[in-house]
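Q: Mind looking over this structure? Questions follow.
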Amino acid sequence: MLHQSITAAVSASALMVEGANVSAGKVPIVRDLSFRAEAGRMLAIIGPSGSGKTTLMRAMTGEAAYSGSVLLAGQEVAGLGPEALASLRGVLPQASQISFPLNVSEVVGLGLTGERRGRRQRHQRIAEALLRVGLAGFESRVYQDLSGGEQQRVQLARVLCQVWEPLPLGGSPRWLFLDEPVSSLDIRHQVQIMRLAQDYARRGGGVVAVMHDLNLTTAFADEVLVMRGGNRLAFGQRDAVMTAELLSEAYDFPLEILEREGARSVIVPAGGGTGTPWLLN
């Protein structure tokens, strides 16, 4: 009985994927993929374009049909309704289209839908979310007038409002699912957003991020899932997975890791020439 209780408690704080398969029509995209991610840590999913990263994420968030099992907080994702899913996880997609002329405050406030709070509390939450993503004072700006990077950060603020408390009192950990969260950002804001995601995990939430920048992955991820051709090529702790041999195999491109005294190592193309290392994005 005690063993069952411990198992249930552990399952309630984890994302567990077992034998997941996802297809587009009759074309298999993700094949028999399994792994387990724990709340309180950041998982990065990496791999070449077309390896199934986004498709896998859409299955994990309940946006794509799958076979096999995907458990979030001990519950099968496919069996959860929209409200239950919205209370457990926030999703930042690669791109978000908004056709209506909304201001930033209105867009961020979409993440508060369903919450009962006064106008003043609502304004405070929106302002704090914008502060966290580096957009303090943007409330009245028209969303469509912003740059692509600013729009991306507004959407992240919306997602944060949806799952504000990473570890609600008496509840299961909440999760952030981020699909290429820094793709449109300059280096300063890339680091800012990755630190924000890392902090969410450190406070007890779960974070899953599809990443293209290998050096940011090395700097911030706790675990790494490497995909290739819809399959799991490797999964484990960051330092065990982020090796030159494995990454070269994953990307079908020769890579090497430059060790630096007193600093984190840097991943560069092998034989990239002399001078400043060519950092990968």
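Q: Can you spot a residue in segment 72-90 that is out of contact with any Cys (no Cβ under 8 Å at 6 or more places or on another chain), basic (Lys, Arg), touching a residue at least 24 places away in the same chain (Cβ under 8 Å) and in the same structural domain as residue 152 (by TED's automatic domain parsing)? Before the answer, list the steps.
A: Step one: list which residues in segment 72-90 are out of contact with any Cys (no Cβ under 8 Å at 6 or more places or on another chain), which gives 72-90.
With the extra rule that they be basic (Lys, Arg), the set shrinks to 89.
Okay, now just the ones that are also touching a residue at least 24 places away in the same chain (Cβ under 8 Å), so 89.
This time we only want the ones that are in the same structural domain as residue 152 (by TED's automatic domain parsing), so: 89.
Checking segment 72-90: at least one residue is out of contact with any Cys (no Cβ under 8 Å at 6 or more places or on another chain), basic (Lys, Arg), touching a residue at least 24 places away in the same chain (Cβ under 8 Å) and in the same structural domain as residue 152 (by TED's automatic domain parsing).
Q: What are the residue pairs meeting all of these: first residue in segment 156-180, first residue assigned by TED's automatic domain parsing to the domain that holds residue 212, second residue hydroxyl-bearing (Ser, Thr, Tyr) and modelled with pLDDT of 95 or more, Cβ atoms under 6 Å, and 6 or more apart or on different chains?
A: 166/200; 176/200; 177/61; 179/54
Q: Yes or no: segment 32-42 includes at least one residue that is at pLDDT below 95 and in the same structural domain as residue 210 (by TED's automatic domain parsing). So that I can check it myself, show each step before the final result.
A: Start the filter on segment 32-42 by keeping residues that are at pLDDT below 95, which leaves none.
Scanning segment 32-42, I find no residue that is at pLDDT below 95 and in the same structural domain as residue 210 (by TED's automatic domain parsing), so the answer is no.
Q: Let me ask you something else. Would you list the helices (runs of 4 or more DSSP H) that sit entirely within segment 162-261 and hold 1 or more residues that are over 23 Å from residue 51 (Cα atoms) and out of contact with any strand residue (DSSP E or B) (no Cβ under 6 Å at 6 or more places or on another chain)?
A: Details: elements: 187-202, 214-220, 238-241, 244-251.
Because the criterion is at least 1 residues that are over 23 Å from residue 51 (Cα atoms) and out of contact with any strand residue (DSSP E or B) (no Cβ under 6 Å at 6 or more places or on another chain), the helices (runs of 4 or more DSSP H) in segment 162-261 that meet it are 187-202.
Q: List the helices (runs of 4 or more DSSP H) that sit entirely inside segment 30-147 and contain at least 3 residues that are small (Gly, Ala, Ser) and surrounded by 14 or more Cβ atoms within 10 Å (Cβ to Cβ). Spell out how you get there, then give the answer.
A: Working: elements: 53-60, 82-88, 104-109, 119-132.
Once the helices (runs of 4 or more DSSP H) in segment 30-147 are filtered for at least 3 residues that are small (Gly, Ala, Ser) and surrounded by 14 or more Cβ atoms within 10 Å (Cβ to Cβ), what remains is 82-88.
Q: In this structure, is residue 172 surrounded by 14 or more Cβ atoms within 10 Å (Cβ to Cβ), closer than 19 Å to residue 87 by Cβ and modelled with pLDDT under 95?
A: Numbers: surrounded by 14 or more Cβ atoms within 10 Å (Cβ to Cβ): yes; closer than 19 Å to residue 87 by Cβ: yes; modelled with pLDDT under 95: yes.
Yes.
The values are calculated or read from the model by the stated rules, or taken from the named source; none is laboratory data. Keep in mind that what you see is a predicted model, and the values were worked out from it rather than measured. Ideal geometry is used to build each Cβ from the backbone, glycine not excepted, and the neighbour counts take in all protein chains shown.
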